[in-house]
Amino acid sequence: MSNRWLRTWIMFCLLACLAHRQADAAFAPLFQVADVKGQCSALVPGTADAKPLQGGEGLSYGTVLRTSSDGGITVVLAPGNQLVLGGDVIAVVGEDSSNPSVKILNLYRGKVDVGLDKDFNKENGFEIVTRCVAMHYLAGGSSTVEATTEADLKVVVINCRTGEMDASGPFYTVPKIKENDGITIACSDDRGFLRLRCLAGKFGVQVKDSTGSVRLAEMVQDSVIKILQKPSETDPNISIVTILEVGADGNVIQADNFEHAANGPAGEPGGSGPPLVNSDEPGGGGATVPGGSGTTTTTTQPGDLFPSTTSSTTTSTTTTTTPPGDVPVPTTTVTTTTTRRKTTTTTIPFFPTTSTSTTTSTSTTAAPTVTTTTTSTTTTAPATTSTSTTSTSTSSTSTTTTSTTTSTTTTAKPDITPTGRK
């Protein structure tokens, strides 16, 4: 009887160890799809067309998954490790090319419910990358991540039920998000503006202060951190970063400003951050990221305590027409002076001129865009027409002002009848 009991006990221990080992096993070279609901499709690497999913299929990493609004898919990475994609999801299930044991979910849109074995990271790694934040799972557990769009902001909502993860993005790092913590991270398309808000729990956020040192900002429910990056007005290779810490009561706790090299180090607090999703669709062109090449346009949201970044385009056209007959061609001198916010054009024509100047300025509150247009038209009779147009867009103010100024000056045309004519 004792031998039978001993054999049973040994068998039970072996089965338990085997089950535990399966849960800790490396993620499979192909992931499986199950529980397919609604209309779901997969675009496998190396193929041109997406195919409908039926369930029970093994797919290679790098596959693009889409679900309909009433759809859903369960992605099985290994026994005990799965991702449940909800409706209206666009995601890519991929892996780190330098370390295939690390699987990466690029989440473009929708919600994913993550369930990982508590010891999954003994053999594997897992990350979720979105437009505003990249998450690295430190310990298995249960959590949800949802990527949505609200007005002109991308919004990522993270809720950790169990387990641990970190989160990072441009100029911030959350070292540990733990059980019952929740955070929402919003950003503009170019990530020139970011807003972190604590939904639940308590955790720290690493940011830089005005001296360049890394500090830990403690976040509690309803507290906020806002980050604005804009190009320097004197050096295109430098960005000016403003970080504002606001308490749950709405009062400013600390405000810091510092300069950052456009090609500064990534992956550190105050650095340019980890690689993130740069478009709304897999393979789509992304917005220009602050610190990279190209032009950065930042929209400051209404109610945010930041100045705006302004992009401007100036076009100037001058057309000269030769007078008819034997009237000599007039000489026109155009002098253009450009300051920080104003361009002045002075025209000295051969003929006296009729000049009309109209300036219209419009500022709008509660919308993240202010458009200022200045049009100046100078007509030199009868020989020269000069038109200068300046358009400035993308700014945000707190008042609404509309003003129009029109002035007209006319000087009589001189007698230009050639000698000998009557």
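Using a Cα-Cα cut-off of under 12 Å, which aspartates and glutamates could be cross-linked to K178, ignoring same-chain neighbours fewer than 8 residues away?
E164, D166
Ignoring ligands, DNA and RNA, how do I238, I128 rank by accessible area with a 1.4 Å probe, largest first?
I get I238, I128, largest accessible area first.
Between rounded, prolate and oblate, where does the stretch 40-177 land on the alpha carbon gyration tensor, with a ≥ b ≥ c its root eigenvalues, rounded for a/c under 1.5, else prolate if a/b exceeds b/c?
oblate
How would you classify the stretch 131-251 from its alpha-carbon gyration tensor, with a ≥ b ≥ c the square roots of the eigenvalues: rounded for a/c under 1.5, else prolate if a/b is greater than b/c, otherwise oblate?
Details: a/c = 1.80, a/b = 1.56, b/c = 1.16.
It is prolate, given that a/c is not under 1.5 and a/b is the larger ratio.
When all protein chains stay in place, what accessible area (Å², nearest 10, 1.4 Å probe) is found for I177?
My reading of the accessible area for I177 is about 0 Å².
Sort K118, K111, K103 from largest to smallest accessible area, using a 1.4 Å probe on the heavy atoms of the protein chains.
The ranking, largest first, comes out as K118, K111, K103.
Are any of the pairs K51/K103; K122/K202; K51/K154; K51/K226; K118/K154; K154/K202 more than 32 Å apart by Cα-Cα distance, and if so, which?
Long pairs (Cα-Cα over 32 Å): K51/K226.
The values are calculated or read from the model by the stated rules, or taken from the named source; none is laboratory data. Quantities reported herein were computed from a predicted structural model and do not represent experimental measurements. These accessible areas exclude ligands, DNA and RNA; they are computed on the full protein's heavy atoms, side chains included. Shrake-Rupley method; radii C 1.70, N 1.55, O 1.52, S 1.80 Å.
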